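Written out below as structure tokens is the structure these notes cover.
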Amino acid sequence: MAPPQRPQRPTNSAPQPRPPPAAPPVSSKPVAARVPVKKIFSAQSSDFFLLLGTTLFLVIFGLVMVLSSSSVESYAADKGFFGSFLRQTAFVLIGIPLMLLASRAPVRFWKRWALPGLILGGVLQLLVFVPGIGWGYGGNQNWIQIGSFSAQPSEFVKVAVIVWVAWVLSTKQDQLADWKQVLLPVGPVAGAAIGFVLIGNDLGTASIMLLIVFACLFFAGVRLRFLSVGVIAVALGAIMFASTSSSRSSRIGVWLNGCTALDYQDSCWQIEHAYWALAGGGLFGRGLGNSVAKRGWLPHADSDYVFAIIGEELGLIGAVVVLLLFVTLAVAFVRIIRSTNDSFVRITTAGVMVWVVGQAFVNIAVVLGVLPVLGVPLPLISTGGSALIATLLAIGIVLSFARAGKSGSSLQRDSAAPARSKDSAHASTAAAPVDPVQSAADRSRMLAANRARGRR
């Protein structure tokens with residue numbers, strides 16, 4: 001009979017380490033295919049929607065006011081009550097898709113096309129002086145007409161000047177303390193663009209362009225003493241230019257000295273009837289479409305003096321709402337300026353802001369008598385195809401900046417995520433804790449080996 005086997009004494013051998021957990025299965029779906037879809041359908045920033053929504057509201061409101069202010073004059077010109085309205089609607093259907101298309105372009109696109117756009121705008125502006133193509137109205141030679149197509153090139157020159165000046169100044173951020181670097185080449189090129197507009201006797205558009213250039217210089221960081229010298233030079237030039245025209249001199253004289261009975265039929269006609277339209281509106285207005293001034297009493301009721309019709313039909317409340325809408329536009333522009341570190345984006349956005357919002361307040365100031373008559377329309381509201389399309393194009397450029405800022409931040413987060421995951425995995429592997437059971441087993445084996453040496 002075999003003796004019973006003695007139970008085995010537990011050994012101090014180290015337990016086998018546990019196998020690491022299996023990695024999650026890798027999906028066979030293409031990951032790269034999800035990136036474009038995410039970029040297309042990702043939510044844009046609040047600045048993007050604030051600017052877009054306010055712009056679209058002003059455009060729709062402008063269509064309503066163009067219909068109301070131009071219906072009588074359009075019918076008298078055998079174009080029907082909806083003649084000017086349908087024409088302005090066609091321009092809206094061109095301008096809004098162009099704005100949305102421009103909002104999809106990257107920032108590098110506008111930098112690349114800054115100089116070609118300026119050259120194209122300059123060529124179009126020179127066409128106003130070509131016989132058979134250029135034509136004038138009210139003493140201003142500032143339009144071109146080819147067949148049934150007509151346009152005002154100076155509105156598109158504004159866009160070209162803003163983008164080009166912003167591109168040049170963004171490349172000279174470290175040299176703006178030198179007045180030579182500021183003057184060249186911005187001074188000659190911008191001066192030539194404004195000079196061509198002045199040759200066509202369009203003082204209002206030239207004034208807005210000067211305001212745009214000074215705004216770009218200011219937001220670029222040019223020293224104030226350089227800007228003050230430029231302001232003084234421009235003021236002296238404006239006085240000399242205004243003195244060369246009897247019409248401009250009379251308008252400035254009426255603005256400084258007030259209207260007399262002799263001026264009522266001439267220089268004061270438009271001013272006085274604008275005052276009466278605003279006064280007739282009161283607090284709540286006469287009602288939409290019930291304006292009296294638009295029935296042949298107020299010239300350019302649908303363009304330069306559309307704000308007077310707004311005040312007459314919608315009252316003080318409607319006029320204040322329009323002011324608040326342009327203030328909202330300014331807030332959207334400022335938020336985009338503050339959210340970027342790109343000097344090109346900052347300068348371009350500032351130029352567009354001063355153009356749209358600044359021209360709006362200049363137009364309103366003219367209607368209220370705060371400034372002399374300059375002949376500039378109310379952006380996004382007044383009738384006029386070239387002004388509307390050019391303004392929407394400029395706003396589309398700023399929308400592309402807002403979109404690029406949002407996409408850029410998301411792309412930065414997406415690219416940083418894999419790097420962070422790799423670093424964390426490496427750190428976790430390097431700092432893995434030691435198994436306490438395995439360490440105790442090693443110490444037991446070392447003690448057993450020492451005892452065996454002692455017996456020997």
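No lab work stands behind these numbers, since they all come straight from the coordinates. Bear in mind the structure is a predicted one, so any value in this text is a computation, not a measurement. With ideal geometry, Cβ positions are generated from the backbone for all residues, glycine too; neighbour counts draw on all protein chains shown.
Couple of notes before you dig in:
- Estimated FRET transfer efficiency (ARG335, LEU176; beta-carbon r; R0 35 Å; 0.05): 0.90
- In this simple spin-label approximation, LEU371 and TYR264 carry label points 7 Å from Cα along the Cα→Cβ vector, and these lie 2.9 nm apart.
- Packing, taken as the mean count of other beta carbons within 10 Å per residue, orders the peptides 80-87, 58-65 from highest to lowest as 58-65, 80-87.
- Listing LEU183, LEU236, LEU210 from fewest to most neighbouring C-beta atoms within 10 Å gives LEU236, LEU183, LEU210.
- Selection of chymotrypsin sites (Phe, Trp or Tyr not before Pro), the stretch 227-332, meeting DSSP coil and at most 15 other Cβ within 10 Å: TYR264, PHE284
- For ASN142, nonlocal amide neighbours, meaning residues 5 or more places apart or on other chains whose placed amide H falls under 5 Å from its own, are TRP135, TYR137.
- Computed from the Kirkwood radius of its Cα pairs, the Stokes-Einstein diffusion coefficient for the stretch 188-285 at 37 °C and 0.692 mPa s stands at 204 µm²/s.
- Overall Cα dimensions of the stretch 277-345 - principal axes, largest extent first, Å: 51, 24, 16
- Proximal charge balance of ALA277 [Cβ under 14 Å; K/R count +1, D/E count -1]: -2
- Summed residue charge, Cβ within 12 Å of ALA394's Cβ, Lys/Arg positive, Asp/Glu negative: 0
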